[in-house]
1. Between residue 168 and residue 406, what FRET efficiency comes out of the Förster formula 1/(1 + (r/R0)^6) with R0 = 30 Å and r the beta carbon distance, rounded to 0.05?
2. In whole angstrom, note down how far apart the Cα centers of the range 262-303 and the range 320-339 are.
3. Return the FRET efficiency for the residue pair residue 84, residue 275: r is the Cβ-Cβ distance, R0 is 35 Å, and the value is rounded to the nearest 0.05.
4. Compute from the Cα atoms of the range 259-356 the Rg and the Dmax, the latter being the longest Cα-Cα distance, and quote both in angstrom.
5. Tell me what the chain gives for mean residue ellipticity at 222 nm when only DSSP H runs of n ≥ 4 count, each as -39,500 (n - 2.57), the sum divided by the residue total, rounded to 500 deg cm²/dmol.
6. Can you put 109, 68, 325 in order of Cβ neighbours within 10 angstrom, beginning with the fewest?
7. Using the 10 angstrom Cβ neighbour count as an exposure proxy, how do 124, 10 rank, fewest first?
8. When the distances between all Cα atoms of the range 80-191 are binned every 5 Å from zero, what whole-number percent does each bin get?
Amino acid sequence: MVETAKTTQHADIAIAGGGYAALALALALRQGLGPQAAVLVCDPVLARPSAGDGRASAIAAAGRRLLEALGVWARLAASAQPIREMTITDSRTGDAVRPALLTFAGEVEPGEPSAYIIENRVLHDALAAACRDAGLTLLARPVARAQDTGKDTGEAITAHLNDGSRVTARLLVAADGGRSHLRERAGIGIFNRDYGQSGIVATLGCERDHEGRAEEHFLPSGPFAFLPMTGQRGSIVWTETSEAAARYCRLPAELFLDEVARRLGHHLGALTLLEPPQAFPLRLMIAREFYRGRLVLVGDAAHIVHPIAGQGLNLGLRDVAALAESIVDAARLGLDIGGPDVLERYARWRRFDTFTMAAATDALIRLFSNDFDPLRLVRGIGLGVVDRMPGLKQVFVREASGFGGEVPRLLRGERI
């Protein structure tokens with residue numbers, strides 16, 4: 001149910017943002033705290049269906065378990081393409097042959113794919129529908145600011161909506177994206193690195209069956225990934241300098257597809273452009289604090305990483321699982337759900353994983369986005385060695401699937 005804002009509302013937890021992390025967190029809190037807990041989600045996007053942006057995302061096995069535990073996966077299964085194999089090459093754009101230097105099997109456990117590819121709009125609509133079915137309060141208004149966020153030591157925090165109304169809550173969650181104004185107004189600093197690159201995203205139709213095989217081609221300008229989708233379709237994530245990306249996006253469809261084929265090859269047969277290409281700037285961003293006062297950050301408000309490893313959405317779902325478990329455990333013990341001990345537990349849980357993933361993706365983009373011959377030789381040897389070590393590859397698969405370190409219950413597929 002989408003409601004219009006009233007003069008003042010009271011909630012246990014208010015969530016600013018209407019994206020995947022915000023909606024998944026609302027569902028997790030409803031499951032763990034029960035309907036007696038007032039959880040409110042605020043974002044104008046909630047009044048609009050199909051809020052996706054033409055992109056597709058990889059959902060790791062742990063993320064799929066979370067969505068299943070929340071009762072959402074049944075709405076998504078028919079639209080989710082399992083990755084059955086991942087192939088990595090390292091070559092130049094004009095190379096006629098791109099031998100596979102590293103191949104990963106598609107299962108993290110027997111019968112369980114390591115990841116699925118799903119359209120963002122499908123995922124968002126399923127989460128929003130599940131929130132409505134759960135009776136969660138969805139306000140189609142943005143949070144403009146939070147009162148005394150950094151100084152608030154009382155029992156509540158006040159969120160001011162853009163229409164002049166207010167929401168008081170014991171905890172305010174900033175899930176309002178990478179340019180979070182709540183994070184900025186709270187004075188939480190960030191580590192930010194602009195790569196000077198953009199990711200070109202487009203949906204393709206394929207003449208031949210991709211058989212669930214994902215591909216990542218490391219090219220001098222940056223990685224070029226093909227992500228298999230249902231119905232003989234695929235999504236590309238093509239990294240170029242921002243200037244070049246804008247130029248490629250302006251090409252007529254036929255010339256654009258010629259450039260795609262130069263990088264992807266011709267093994268999928270004739271390609272068609274199902275959705276026009278879009279370019280998104282790429283950067284690395286990590287918040288220096290994950291909470292301040294009664295404000296806590298999740299998803300892109302807390303971190304943005306390069307899409308080279310396809311982990312952006314999954315990092316957000318790990319935030320959701322860790323924060324929901326921290327809050328629910330505290331509530332069952334009668335503790336203050338917005339207190340510093342609870343939020344520090346969440347921050348400790350997420351800090352190491354976030355910094356590790358950020359460092360790994362940053363190192364990968366620096367290592368592979370160049371055409372220095374000695375370095376290319378070292379890369380090829382390194383990938384070849386890993387490819388011959390099944391045990392090491394399985395460790396990488398489990399880490400990428402979200403099962404490294406201390407795993408929250410939702411990511412194990414358990415209800416909280």
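Rule-based calculations on the coordinates, nothing more; no lab input. As the structure is a computational prediction, the values presented were derived from the model and not from experiment. All Cβ positions, glycine included, derive from the backbone under ideal geometry; neighbour counts span all protein chains shown.
1. 0.35
2. Each part reduced to its Cα centre gives a spacing of 29 Å.
3. Efficiency for this residue pair is about 0.90.
4. For the range 259-356, the Cα radius of gyration and maximum Cα-Cα distance read 19.3, 61 Å.
5. -11000 deg cm²/dmol
6. In order of increasing Cβ crowding within 10 Å: 109, 68, 325.
7. Sorted ascending by nearby Cβ count, the order is 10, 124.
8. Per 5 Å bin, starting at 0, the Cα pair percentages come out as 2, 8, 11, 12, 11, 11, 10, 9, 9, 8, 5, 2, 1, 0.
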